[in-house]
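Single-structure report; data block below.
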Amino acid sequence: MRSVSIFGATGSIGGNTIDLIARAPGEYRVVALTGGANIAGLAAAARALRAEVAVTADPARLDDLRAALAGSGVEAAAGPAAIAEAADRPADWTMSAIVGAAGLVPSLRTVARGGTLALANKESLVCAGPLLMATARAAGARILPVDSEHSAVFQALAGEDAAAVERIIITASGGPFRDWPIERLATATPEQAVAHPNWSMGQRISIDSASLFNKALELIETREYFGLEPERIEAVVHPQSIVHALVGFSDGALMAHLGPPDMRHAIGYALHWPARRELPVQRLDLAALGRLTFEAPDPVRFPALRLARAVMATRGLAGAAFNAAKEVALDAFIARRIGFLDMAGVVETVLDRLSAETGLQIAAESLENVLAIDHLARRRAAEAVATKAGQR
Ligand code: NDP
Ligand code: MG
């Protein structure tokens with residue numbers, strides 16, 4: 001029996017992971033499940049899967065969690081330290097699917113103990129790519145990508161010589177605003193931004209997909225995971241979300257990965273790797289799809305991609321600052337304090353200020369440095385939000 005833990009079990013990726021595991025109940029022993037505010041969901045999953053421990057990120061909800069788990073035999077715990085400790089518990093396979101920089105510590109602690117990490121939390125690589133990869137290497141831990149584009153690249157690279165890779169192209173749907181007149185973007189609401197045309201995902205990544213901040217994070221993620229120079233990594237808009245990524249080789253060949261927009265494919269690939277097992281996803285009917293189209297992303301509409309290029313050029317702590325500023329800007333947009341286009345403005349202001357103040361290019365080798373810059377970037381972003389909100 002394989003032992004598994006799921007961080008972010010109450011989320012979209014967490015739910016899809018549980019769906020796959022629950023289909024083969026005799027094959028898995030569940031160690032830890034973690035959640036945040038959704039205590040009922042966490043307790044229900046922990047009972048159904050007979051987890052060893054359930055952890056909520058919120059200490060104020062511990063009593064509720066205890067009550068919801070009464071008589072089940074599942075241990076209850078709460079708070080970020082308890083989440084980190086849950087990552088220290090031995091498990092053969094660990095899903096990292098907390099949203100945001102809060103996912104970094106459990107990702108790090110999992111690979112530090114040599115565990116196999118299925119990584120959906122792209123922020124781990126954006127904030128601390130060199131640290132995460134070095135920690136995994138030192139401990140002999142494997143990291144399997146779960147982000148659909150990165151899973152696609154990983155699959156296209158199987159059996160290939162890494163030295164023959166010329167470029168990696170990841171696709172972006174372009175989100176719900178791809179066709180909107182640019183003037184109208186300033187008025188876009190959170191409800192409109194969250195309505196992704198192809199994928200069903202958590203609220204935050206859905207809005208990041210509309211602004212292409214998600215693709216910006218993924219460009220950085222590609223660089224950190226596959227170790228390619230930034231100029232060899234491209235993003236192309238592909239509204240149908242059928243081709244997830246392509247790898248270009250030195251002989252001119254492009255190997256593409258196609259699949260339905262269903263995260264259970266990438267999760268299942270990471271769960272069963274190196275084997276391929278049958279998965280409950282739709283099979284593509286290419287003739288019914290008819291056509292697949294590609295276009296260059298519009299740099300005016302999507303400034304996040306330009307910011308990602310700057311982050312990749314600086315590296316060091318720039319990724320952690322970028323992500324933290326983006327999280328604060330996203331919160332402010334969701335709270336309707338700033339407009340859709342203001343998010344990129346806030347992030348750019350923070351990157352400019354921090355590179356003048358601190359020299360973001362110093363190596364992000366320690367968790368302390370990453371957490372310190374994350375904290376500072378959040379403060380600076382809150383100031384930039386207040387300025388923008390005052391101008392509205
Ligand atoms: P959701 O918002 O659906 O779920 C997030 C999970 O994290 C929930 O379990 C939530 O708990 C928990 N959580 C939220 N805040 C904290 C915190 N501060 N500390 C600990 N746990 C917390 O997100 P998704 O499932 O959509 O995304 C998860 C990750 O996977 C993200 O990094 C995302 O970028 C990535 N990803 C997602 C894809 C998708 O299709 N959804 C595709 C590719 C990558 P609760 O809900 O109980 O509050
Ligand atoms: Mg993705």
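Against the list (1) exposed (fewer than 11 other Cβ atoms within 10 Å of the Cβ); (2) modelled with pLDDT of 95 or more; (3) out of contact with any His (no Cβ under 8 Å at 6 or more places or on another chain); (4) in a loop (DSSP other than H, G, I, E, B), the condition residue 300 fails is (2). Somewhere in segment 201-223, is a residue more than 16 Å from ligand 1 (Cβ to nearest atom) and either crowded, with 20+ Cβ neighbours inside 10 Å or under 17 Å from residue 300 (Cα atoms) (or both)? Within segment 201-223, one or more residues are more than 16 Å from ligand 1 (Cβ to nearest atom) and either crowded, with 20+ Cβ neighbours inside 10 Å or under 17 Å from residue 300 (Cα atoms) (or both). Checking each residue in segment 37-52 for being crowded, with 20+ Cβ neighbours inside 10 Å and under 15 Å from residue 8 (Cβ atoms) picks out 39, 42, 45, 46, 49, 51.
With 73, 103 as the choices, which residue is outside any helix (DSSP H, G or I) and either farther than 25 Å from residue 371 by Cβ or under 26 Å from the mean Cα position of the chain (by Cα) (or both)?
When all the criteria are applied, what remains is 73.
Is it fair to say residue 145 is under 26 Å from residue 41 (Cα atoms), within 16 Å of ligand 2 (Cβ to nearest atom) and not aliphatic (A, V, I, L, M)?
Spelling it out, residue 145 is indeed under 26 Å from residue 41 (Cα atoms), within 16 Å of ligand 2 (Cβ to nearest atom) and not aliphatic (A, V, I, L, M).
Here 32, 54, 48 are screened, and the one residue that is free of Cβ contacts under 8 Å to residues at least 60 places away in the same chain and part of a helix (DSSP H, G or I) is 48. Only a single criterion out of (1) away from ligand 1 (no atom under 16 Å from the Cβ); (2) without any contact (Cβ under 8 Å) to a residue 60 or more places away in the chain; (3) of a type in the set (Gly, Ala, Ser); (4) surrounded by 16 or more Cβ atoms within 10 Å (Cβ to Cβ) is not satisfied by residue 82, namely (1). Scoring residue 147 on the criteria (1) charged (D, E, K, R); (2) surrounded by fewer than 17 Cβ atoms within 10 Å (Cβ to Cβ); (3) within 28 Å of residue 289 (Cβ to Cβ) leaves a single failure, condition (2).
Could you please let me know if residue 13 is closer than 29 Å to residue 281 by Cβ and within 16 Å of ligand 2 (Cβ to nearest atom)? Write out each step before concluding.
Details: closer than 29 Å to residue 281 by Cβ: yes; within 16 Å of ligand 2 (Cβ to nearest atom): yes.
Answer is yes for this residue.
Condition check: without any contact (Cβ under 8 Å) to a residue 24 or more places away in the chain and either part of a strand (DSSP E or B) or more than 24 Å from residue 148 (Cα to Cα) (or both). Does residue 37 satisfy that? Taking the combined requirement at face value, the residue does not satisfy it. Considering segment 184-288, the qualifying helices (runs of 4 or more DSSP H), each wholly inside and each with 1 or more residues that are over 27 Å from residue 340 (Cα atoms), run over 213-226, 263-272.
The values are calculated or read from the model by the stated rules, or taken from the named source; none is laboratory data. In this text the structure is predicted, and so the values were computed from the model without any measurement. FYI the Cβ positions are ideal-geometry reconstructions off the backbone, even for glycines, and counts take in every protein chain you see.
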